[in-house]
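Read through the structure below, which is laid out as structure tokens, and then see the notes.
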């Protein structure tokens, strides 16, 4: 049985938990995020855009902060690596590229759903006004 499980285990180590983008932080004292708000905002197609994993890797390398608009869960094993509102790190993209699994829930045609910069800026202003 071990031989059947081993190929599903990626050689790439699981990335650490990414931080929430300031637009979705519950408060400035903790790293907690408002997943519900991020998920709701991500339903509006005007707030999101899509990047292939390779394009996401390039955008991050060029200095852009990408923020997931959807939960991303490789299957198997079925554990989320991104939640709505979390920043997408190079380690997460590298991990997703290295996976050899049947499917990755949360990707649309192998593309990440991310928030547009304008949507993040507007949400940050809204959050600041409420705090």
### Query
Considering only region 28-38, how many residues are exposed (fewer than 15 other Cβ atoms within 10 Å of the Cβ) and in a helix (DSSP H, G or I)?
1
### Query
Which residues, taken from region 40-49, are in contact (Cβ under 8 Å) with a residue 12 or more places away in the chain and either in a helix (DSSP H, G or I) or closer than 14 Å to residue 92 by Cα (or both)?
41, 42, 46, 47
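Can you tell me which residue is surrounded by the fewest Cβ atoms within 10 Å (Cβ to Cβ) among those in region 75-88 that are in contact with a helix residue (DSSP H, G or I) (Cβ under 7 Å, 6 or more places away or on another chain) and more than 14 Å from residue 54 (Cα to Cα)? Reasoning before the result, please.
Filtering region 75-88 down to residues in contact with a helix residue (DSSP H, G or I) (Cβ under 7 Å, 6 or more places away or on another chain) leaves 76, 81-85, 88.
Among the residues that remain, those that are also more than 14 Å from residue 54 (Cα to Cα) are: 76, 81-85.
On the way: 76: 13, 81: 24, 82: 27, 83: 20, 84: 26, 85: 28.
My answer is 76.
Taking the stated definitions as given, is residue 41 over 21 Å from residue 14 (Cβ atoms), surrounded by 19 or more Cβ atoms within 10 Å (Cβ to Cβ) and out of contact with any strand residue (DSSP E or B) (no Cβ under 6 Å at 6 or more places or on another chain)?
yes
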### Message
If residue 79 satisfies all but one of (1) at pLDDT below 90; (2) in contact with a strand residue (DSSP E or B) (Cβ under 9 Å, 6 or more places away or on another chain); (3) in a helix (DSSP H, G or I), what's the number of the condition it fails?
### Response
(3)
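Answer yes if at least one residue in region 50-60 is in a helix (DSSP H, G or I) and loosely packed, with under 14 Cβ neighbours inside 10 Å, and no otherwise. Write out each step before concluding.
So the first thing to find is which residues in region 50-60 are in a helix (DSSP H, G or I), and the list is 53-60.
Applying the additional criterion that residues be loosely packed, with under 14 Cβ neighbours inside 10 Å yields 54, 58.
Yes, some residue in region 50-60 is in a helix (DSSP H, G or I) and loosely packed, with under 14 Cβ neighbours inside 10 Å.
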### Task
Mind listing whichever residues of region 89-114 are touching a helix residue (DSSP H, G or I) at 6+ places or on another chain (Cβ under 6 Å) and either in a loop (DSSP other than H, G, I, E, B) or buried (at least 21 other Cβ atoms within 10 Å of the Cβ) (or both)?
93, 96, 112
### Query
What number goes with the only condition from (1) assigned to a strand (DSSP E or B); (2) out of contact with any strand residue (DSSP E or B) (no Cβ under 9 Å at 6 or more places or on another chain) that residue 121 does not pass?
(1)
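Could you go through region 15-24 and let me know if any residue there is surrounded by fewer than 13 Cβ atoms within 10 Å (Cβ to Cβ), modelled with pLDDT under 95 and under 30 Å from residue 129 (Cβ atoms). It would help to see each step written out before you state the result.
Taking region 15-24 and keeping what is surrounded by fewer than 13 Cβ atoms within 10 Å (Cβ to Cβ), we get 16.
If we keep only those that are modelled with pLDDT under 95 too, we end up with 16.
Right, trim to under 30 Å from residue 129 (Cβ atoms) and you get none.
No, region 15-24 contains no residue that is surrounded by fewer than 13 Cβ atoms within 10 Å (Cβ to Cβ), modelled with pLDDT under 95 and under 30 Å from residue 129 (Cβ atoms).
The values are calculated or read from the model by the stated rules, or taken from the named source; none is laboratory data. In this text, all values refer to a predicted model and were calculated from it rather than measured experimentally. Cβ atoms come from the backbone with ideal geometry, glycine included; neighbour counts cover every protein chain shown.
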